[in-house]
Structure formats: C-alpha cells, structure tokens
1. Which of the residues that make up segment 233-292 are outside any strand (DSSP E or B), in contact (Cβ under 8 Å) with a residue 40 or more places away in the chain and at positive phi?
2. Please indicate, with yes or no, whether at least one residue in segment 46-65 is surrounded by fewer than 16 Cβ atoms within 10 Å (Cβ to Cβ), modelled with pLDDT of 90 or more and either over 30 Å from residue 351 (Cβ atoms) or in the same structural domain as residue 123 (by TED's automatic domain parsing) (or both).
3. Quick check on residue 148: is it at pLDDT 90 or above, within 29 Å of residue 291 (Cβ to Cβ) and surrounded by fewer than 22 Cβ atoms within 10 Å (Cβ to Cβ)?
4. Go through (1) touching a helix residue (DSSP H, G or I) at 6+ places or on another chain (Cβ under 7 Å); (2) modelled with pLDDT under 95; (3) in a loop (DSSP other than H, G, I, E, B) one by one and return the number of the condition residue 182 breaks.
5. How many residues are buried (at least 23 other Cβ atoms within 10 Å of the Cβ) and over 16 Å from the mean Cα position of the chain (by Cα) when one looks only at segment 405-414?
6. Specify which of the listed residues (418, 434, 451, 442) is surrounded by 21 or more Cβ atoms within 10 Å (Cβ to Cβ) and either in a helix (DSSP H, G or I) or assigned by TED's automatic domain parsing to the domain that holds residue 402 (or both).
7. Report yes if residue 93 is surrounded by 13 or more Cβ atoms within 10 Å (Cβ to Cβ), within 30 Å of residue 323 (Cα to Cα) and outside the structural domain of residue 329 (by TED's automatic domain parsing), otherwise no.
C-alpha cells in the first residue's frame, strides 16, 4: 500500500532548475519533496552539457599547444589519449556530484524520492510507492534527444550529446546531424582532438544570433577544418566497407558522405510524456505544457520550468525561472517571465552570446531611435597580449542612451556578457559605462571604448559646455 505525504511543494525533476527551486523553497520555510527516477543532477551532470564542456576544455588545451608557435614557443603536435580525456571527464562529473547528492539535500530538509512520478489527479502525484499531495507542483523534468526519424537508423549505432563524451577512442570521421549549441561545441572539440568532422544542419547554425557574431564563430570552425552542410537533411543511414554512410538531401540534390561515427543532435524535446498531465488537467502546447508568463499551467497548482518548456533553454534560464517560481509560489512576488533578461552563451571558441534586444528588434521598438555601438576585440590590450583577437562587443542603446541589448563574440567573454546582462536589468545607460573603472588589461575595457564612441557620436548638450567652463574658473 502506498504511503501518503503532504507537502507545500513537489518538484518533479532533479536537474539544475529543480534542485535550485527545491533549495530556494526550503530557504523560504516550505516543506519540499524532490522526485526523479534518474538521480540528482539531470542531463547537464550525467553526460550532458557538463561532460561536453570538459571534453571541450581538453580540446582547447590541445589547440593551444598546436598554435603556441605564434607566441614564440616551438611545439609539436599534441599526443592525445582519448581514454585519459574520458577519465578526466568522469572526474569532473564526480567532483560536481556532491552538491547534488541525496544525502546533502536530505540534510537540508529536502526529501528525495528516486522514482519517476505520474499525476493521479489535479493535486496528487504517485512516485513509486509514495502518493504525494502538494499545495503546488513544479515540472522540471528537462528534455531529451528524440528518436531520430531517419531511414535505417535502427540498424546503425549512433551517439547523442549525452553519450558522445564517453568515447575512449578517437573517431576517424565524425558525422554530426544538428547545428545547435552543443553540436557546435562537440564538433569543434573533436576537430581539435584530431578527428575529421562533417556537420549536417537542416537549417543554418546560430540563425538566432546576430549575423556578424555568428559569422565570427563559423569562420573559425571552418578554418579549423569543419566540413559544413547547411540547409541539408539526413534522410537515411547505412553501413558500408568504410563504416557508416549518410544519405543527404539539399533541395533537389542528393549525395552521400562516409564516416566512422554518427552523432545525432537534433532539437531536444520535453520529457513529460510519462507524467499523465491530462489527468492533472494540464493543457499542452505541442510537446510541452502550455504556460503563461507566470510559468503556471492551466492547472493553477502546477508550474513548469527549464527545458520541459520546450525550445532552447540553459542552466542559467532554468535557475532564473526557479527563483521566479519560488518567489511567486511562496512569497509575494508578481514577477513575470522576461526572456530578454536571460543571457544566451554558446561555448564554442570564440564564444558567442547575447542578451536583451537585438539591433533589428530595438529599431522596431524605438521607431528608429536606437543606436548600435561596436568595439572590436582586436583593439583591446588583453586580446593583443593573448593573441586572441577575433571578436566584437556590441551594445544597443535606446533613447537617452539606456542599454537595451548586447552581444559578444570572442575568447573568454562570458563574464563581460554577465555584466552587460546586469546593465540591462538595472536600466544602466552608456554614461554609466563611462564611469566604470575596469582593470587593465581586461575585456571589460571594451566598455570604456563603447562609452567613448557614444560621446563622440552624441556630444554633451550646448548648455553643458558653458557650465564646464564655469566650473574650471571657480575656486
């Protein structure tokens, strides 16, 4: 017979968003139960984005060795041992796991139930032998790589972003289907580790990004050897004497490409099928629960956050949504979701990221009264010292110089994007950037360059100059 528990909040899914929400709810004094049959950590910990990042870090070191000659250091091609890289990746994951361990969460007062859950009604969920009745539920089950609809795929072994980082031998020629952020990061990592890589994208990689920023990244990937097939579909796969054979179609043209390994990395789909959401009265929007800007579903007791919402998400987005829902459910906040506040970062090298309004969206919103400011990374002292001169920092300013959007491309520019996201959130202006005192050398010096460009384009008003002259003669 199932035991029954009553709690303030039941979080379904123990990934980054679910764990963050559970901890914030406990901090607000709520009783919390966390339900997940796959263990704590979610896909980012279990062979997902974190593992891909560890692989990319090893690949970047190999590239630094390979290109050190431009800094006056004679080097030889790096000796790459895939088994040791895989072992290090596992060490990274193990080191990250303690923060999410069930014992630690239990010590914080969060009960973890290691079973998948399914709703039995509008306010009850069954997980294993435990029936949970809660004041509020939050779906944080994440997303997964769907089964590909490709002819012959069942007869061919293939990798996914969750398993690609576990290889112990280098692929001779890796075929990647999909052009999302993780696919690009893995493509570059395997290129730098000495593999041939062909990427097949049904669309255009980074199509949501500023075209100038996207071009910086894609030019680098091509220069490192990426064979890119855009607007091309993978219609069928088969085996051959060379290994795998991928059948491609671009418009009316059809061709084949041979490879040793296949990585399938399409857009991920929400993992909500097993939750029996219809019993809970939750309406769907395609494969994901339908929510408003409050992230509440059609059942006012149930919310949804993170990848379970569908579309592109990130750990940063999931944690922001977790904080928002915790404050709405357990506090007095009426905050509504604003996607423009969430920075998007693609972990290629150079990195690319953006936040807020893009140039076109700002022009439409402010009826042509927005201004775009650019600062090439090559003009910064830090870029010259490191040799990483590719990239640009862009800021979109609205009326009065208020910062409403930003984009960055370059090596190690993630922290700069974080500052620009804060500037947008706190309604800072370009004049505020001029008052910042960045250390030297640093990427943050780009902010001073942007402010200088603004002042040259929009000099002080006529009255400001006489006042400045008067101040100079006053004691």
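The values are calculated or read from the model by the stated rules, or taken from the named source; none is laboratory data. As the structure is a computational prediction, the values presented were derived from the model and not from experiment. Positions of Cβ are backbone-derived with ideal geometry, glycine not excepted, and every protein chain shown enters the neighbour counts.
1. Residues satisfying the conditions are 276, 281.
2. Checking segment 46-65: not a single residue is surrounded by fewer than 16 Cβ atoms within 10 Å (Cβ to Cβ), modelled with pLDDT of 90 or more and either over 30 Å from residue 351 (Cβ atoms) or in the same structural domain as residue 123 (by TED's automatic domain parsing) (or both).
3. Values: at pLDDT 90 or above: no; within 29 Å of residue 291 (Cβ to Cβ): yes; surrounded by fewer than 22 Cβ atoms within 10 Å (Cβ to Cβ): yes.
In short, no.
4. With respect to (1) touching a helix residue (DSSP H, G or I) at 6+ places or on another chain (Cβ under 7 Å); (2) modelled with pLDDT under 95; (3) in a loop (DSSP other than H, G, I, E, B), residue 182 is out only on (3).
5. Result for segment 405-414: 3.
6. Matching residue, one of 418, 434, 451, 442: 451.
7. Considered against the rule, which asks whether it is surrounded by 13 or more Cβ atoms within 10 Å (Cβ to Cβ), within 30 Å of residue 323 (Cα to Cα) and outside the structural domain of residue 329 (by TED's automatic domain parsing), residue 93 comes out as yes.
Conditions (1) buried (at least 17 other Cβ atoms within 10 Å of the Cβ); (2) under 24 Å from residue 359 (Cβ atoms), marked per residue:
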site: 181; (1), (2): yes, yes
site: 185; (1), (2): yes, no
site: 192; (1), (2): yes, no
site: 197; (1), (2): yes, no
site: 200; (1), (2): yes, no
site: 207; (1), (2): no, yes
site: 212; (1), (2): no, yes
site: 222; (1), (2): no, no
site: 226; (1), (2): yes, no
